[in-house]
1. Which one is nearest to residue 162 (Cα to Cα), of the residues in the stretch 205-233 that are surrounded by 10 or more Cβ atoms within 10 Å (Cβ to Cβ) and within 29 Å of the chain's Cα centre (by Cα)?
2. Restricting attention to helices (runs of 4 or more DSSP H) lying wholly within the stretch 77-195, give those where 1 or more residues are over 24 Å from the mean Cα position of the chain (by Cα).
3. Please name all residue pairs, on different chains or six or more residues apart, with Cβ atoms under 7 Å, provided the first residue is in the stretch 139-151 and is of a type in the set (Phe, Trp, Tyr) and the second residue is crowded, with 18+ Cβ neighbours inside 10 Å and outside any strand (DSSP E or B).
4. Does residue 173 fit the bill of being among the hydroxyl-bearing types (Ser, Thr, Tyr) and at pLDDT 95 or above?
5. How many residues are surrounded by fewer than 20 Cβ atoms within 10 Å (Cβ to Cβ) and either within 30 Å of the chain's Cα centre (by Cα) or farther than 29 Å from residue 223 by Cα (or both) if we restrict to the stretch 240-256?
6. Assess whether residue 242 counts as being of a type outside the set (Asp, Glu), in the same structural domain as residue 181 (by TED's automatic domain parsing), within 22 Å of residue 161 (Cα to Cα) and touching a Pro at 6+ places or on another chain (Cβ under 6 Å).
Amino acid sequence: MPSNLRIPLSSAVLFVSSRIDDFLKISDTSSLSVGRPRSVGFKVSGSVKRKTSLTVHSSKEPLELTAELKEKQKITIEEKDDTMDPFEELKDRFLHFKNQVYLENLDHYQNLSDIQTPKFMVIACADSRVCPSNILGFQPGEAFTIRNIANLVPPFQHGASEVSAGLEFAVNSLQVANILVVGHSRCGGIRALMSMKRADKSKSFIKDWVSIGKTARLSTEAVAGNLNFELQCKHCEKESLNASLLNLLTYPWIEERVNEGSLSLHGGYYDFTDCSFEKWTLVYRQGLEGGSKYAIKNRSFWS
């Protein structure tokens, strides 16, 4: 305000009076109280006159609604603090990998960023207890991996699927030397296959998928039908691996490379009840002993 502006005394008094009325109205409708007046000076026409002003304080007693909201907020915050974000643990694992593995082997990982040359294609079950990289120690760049329910390989005639697309890329582009199909104990997919009722016409994605292994079920029923259900499932878990190995040979470019000797087909069975692993190789060529085109060799048991 310019210093030479003069306010009539009557106007100044009227202004202060109206402000007091406003403050008193606030006190009537809220938890505000009027404090002790203190002096304030007004310069009117060159002289100083003393008038009083009001100090407004909030009430020391909180409103009931405010107290209730604060209590609810406190409970909510405590509940959030008790629930750990699962991604925090993943973040810690990633940073450990980066600092202790990636940066310690920087040249290797920089090479992988340009090209991958895996020796294996692995087809394993999606079961969370069966991670092939963890069980068999595959490092980044060593195994091109596909995982699905019951580690099944559909035949070539089945058409497009994530397995057939993966096989085409791994064999024709990456030119892997080995395909390893890994099954495991207590497989839920195999149990679903063995539990299917022939008269049941209901549809589901799981039923349609595990039906790929129906030849393994028929073989199991023929050979182990006298055993209890648990043992039948265990038999089928291994039988389905051989069925998948035979299905691999229905792909023309896989059969061609197996005949050439540039590609080998292997089965593996991981039993997590006692942490053991069984491995074998499928031999395929004309004129084998007994007139068959198939044989098993290099069977080994790791325990």
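The values are calculated or read from the model by the stated rules, or taken from the named source; none is laboratory data. Just so it is clear, the structure is predicted and the values come from calculations on it, not from any experiment. Using ideal geometry, Cβ is built from the backbone for each residue, glycine included, and neighbour counts are taken over all protein chains shown.
1. Going through the qualifying residues, I end up with 209.
2. Numbers: elements: 86-97, 106-112, 132-136, 162-168, 188-195.
Correct list: 106-112, 162-168, 188-195.
3. Every condition considered, the pairs that remain are 144/118; 144/170; 144/176.
4. Numbers: among the hydroxyl-bearing types (Ser, Thr, Tyr): yes; at pLDDT 95 or above: yes.
In short, yes.
5. 3
6. Working: of a type outside the set (Asp, Glu): yes; in the same structural domain as residue 181 (by TED's automatic domain parsing): yes; within 22 Å of residue 161 (Cα to Cα): yes; touching a Pro at 6+ places or on another chain (Cβ under 6 Å): no.
It is false that residue 242 is of a type outside the set (Asp, Glu), in the same structural domain as residue 181 (by TED's automatic domain parsing), within 22 Å of residue 161 (Cα to Cα) and touching a Pro at 6+ places or on another chain (Cβ under 6 Å).
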